Amino acid sequence: MTDLQTSLIVIGGAIVVGVISYNKWQEYKAKKSVERAFSSSHDDVLMGQSEAGAAPISVTEFSADRREPTLSSGDPVYAETDTPVDGTEPAERAQEELDAQVDMMQAAEEKELPVDYLIDCTIPLTLTTQLRGEKILPALQSLRHVGSKPVNFAGQHIDGGWEAITHGGIYKSLMAGVQLASRSNALNELEYSEFVMRLRQIADDFDADPDVPDMAEVMVTARSLHHFVTEYDAKLSVNIQSNGAPWSVTTLLAALERQGFDVRPEGRLVMPDGDGGVLFSLSTNVTLAEETTNRLTLLLDVPVVAPERDGFGAMIACARSLSSRLDGTVVDDSSQPLSDAALNEIGGQIEVFYADMEAADIPAGSTRALRLFN
């Protein structure tokens, strides 16, 4: 081997070692930057939610301060005497309390049923004899879906009230419902025909008489509802772009979990709303095989988050908090910085969006919205 070859081998080896050392140094810096970002003891505007849920957050002003409820000068004050300070006699007050209890009982009876007249094609089944829930339920298990559309049932108690069919209940009528639309499509003719055919088989077993609506009318209703779903199927995203070195994914994910994000079985990171729901989700925009990322994306599924949760405000607060901690910039999908004015405009559009959904009797975040936008 000549001196030239030996020199080239030595130089090549030095380059390889240098590249490997540089990559390790970059990984070390990425990991340390994330660790420093989340090691601060300061309060986080985003993650310190109580079990009762976070208070609405303004899109232009975010504060970690919490305020306890106080008694204002306009609140009624009650003295510990037999006669109320408002002058009401004890007998009148007792009657008012009794009426209030009756109202509460009536409200409690108005339970949310599994069959919804607005988003389901409902078919009543009149029973010739009363049936127990334990006899009905096994037959209904064979009809839970037609195509991609869920099928649900409700039963009318012998006292006239409607409820989800349960063991021990005695029912004089049934109601079947197939969902008319979802995010993917509307109920079609084949699905409706299958639903009616299989429902007739169940009705024959119970000696029931189903009142089947005309297919053409059902299809018109289904397409109209799907049009609404398509029109209001809105998702908003904001991104945090690194201003310097990329972040270590492993360290970043561990830190985000400690700060309140949940990791779902499919790998998504979500911020819970405190009541079993989701405010928004987070993506690292890289595969599991990659070790670093220079961009995070927060995504809000607008129609499935109730207005009082202020999902948009919470998401923007999260983005700002993360950008401050990680030395990043809040940007749109085109990597352009998002100004306060732009965020305010989006917030106003969301308010109109929520008002329109409320007017359509499908409030954002309601059971109806969750079923439709799934």
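Derivation of every value follows stated rules applied to the coordinates shown; laboratory data play no part. Everything quoted here is computed from the prediction, not taken from an experiment.
Full extension of the chain between LYS235 and GLN349 yields a length gain of 39.8 nm, computed as 0.36 nm times the residue separation minus the alpha carbon distance.
With N counted as the residues of region 272-328, its alpha-carbon radius of gyration over 2.2 N^0.38 Å works out to 1.27. The Cα atoms of region 187-239 give a gyration tensor whose axes a ≥ b ≥ c have a/c of 1.5 or more with a/b greater than b/c, which makes the shape prolate. Dividing the Cα radius of gyration of region 288-374 by 2.2 N^0.38 Å, with N the residue count, gives 1.29. For region 206-289, the pair-distance distribution built from all alpha carbon pairs, in bins 10 Å wide starting at 0, is 12, 28, 21, 15, 14, 8, 2, 0 percent.
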